[in-house]
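Notes follow once the structure below has been shown.
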Amino acid sequence: MRYMVIVKASEDSEKGVMPTEQELAEMGAYNEELVKAGVMLAGEGLHPSSKGARVRFDENGRTTVVDGPFAETKELIAGFWILQVSSREEVLEWVRKAPFRGGEVEVRQVFESDDFGDALTPELREQEDRLRATVEAQHG
């Protein structure tokens with residue numbers, strides 16, 4: 001099972017305050033533990049929303065781009081991990097070890113092909129497999 005671990009933004013992260021050397025060292029040690037255990041697929045921090053944009057789609061598919069910053073800090077993301085584990089309990093065990101003081105992390109399971117049932121036809125499944133293989137070849 002894959003899970004996205006979403007690190008919620010704080011006032012400091014939205015102001016562009018960078019982590020201290022100690023915080024970076026602690027996060028590096030934690031990431032190293034995740035990698036050595038073979039559960040980390042990806043993990044990155046994000047720039048503040050002032051450098052971002054939101055794209056809104058209306059009912060007809062027309063788009064509107066809204067530049068950041070965005071007001072609701074508690075709903076913004078400062079970083080993420082993608083972890084591959086055997087259960088919800090295992091991902092929560094890993095997340096509890098994260099070197100955070102204050103803040104909040106959200107854990108969400110990533111859909112797998114089988115979750116879509118019959119709606120994912122053999123043709124769509126083949127397309128999905130082909131796209132994944134192409135992405136891996138391009139960036140692997």
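Values quoted throughout were computed directly from the atomic coordinates according to the rules given, and no laboratory measurement underlies them. Computed from a predicted model, the values in this text were never measured in an experiment. Every residue, glycine as well, gets a Cβ built from its backbone with ideal geometry; the counts of neighbours run over all protein chains shown.
Structure data summary
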read-out: Cα centroid separation - region 77-91 against region 1-27, whole Å; value: 15 Å
read-out: Lysine pair number, Cα distance threshold 28 Å (strictly under), the chain, separation 8 or more or different chains; value: 10
read-out: Charge dipole magnitude, Cβ of K and R +1, D and E -1 - region 34-140, Cα centre, debye nearest 20; value: 640 debye
read-out: Convex hull of Cα atoms in the chain, direction-averaged projection (nm²); value: 11.3 nm²
read-out: Residues whose placed amide H lies under 5 Å from that of residue 76, excluding near-sequence neighbours; value: 9
read-out: Taking the chain and dividing mean pair separation by its residue count, relative contact order in percent (alpha carbons under 8 Å, at least six apart); value: 40 percent
read-out: Trypsin sites (Lys or Arg not before Pro) within region 48-83, DSSP loop, no more than 14 other Cβ atoms inside 10 Å; value: 62
read-out: Using distinct alpha-carbon pairs, which all enter the 1/r mean, Kirkwood radius of region 81-124 in Å; value: 13.0 Å
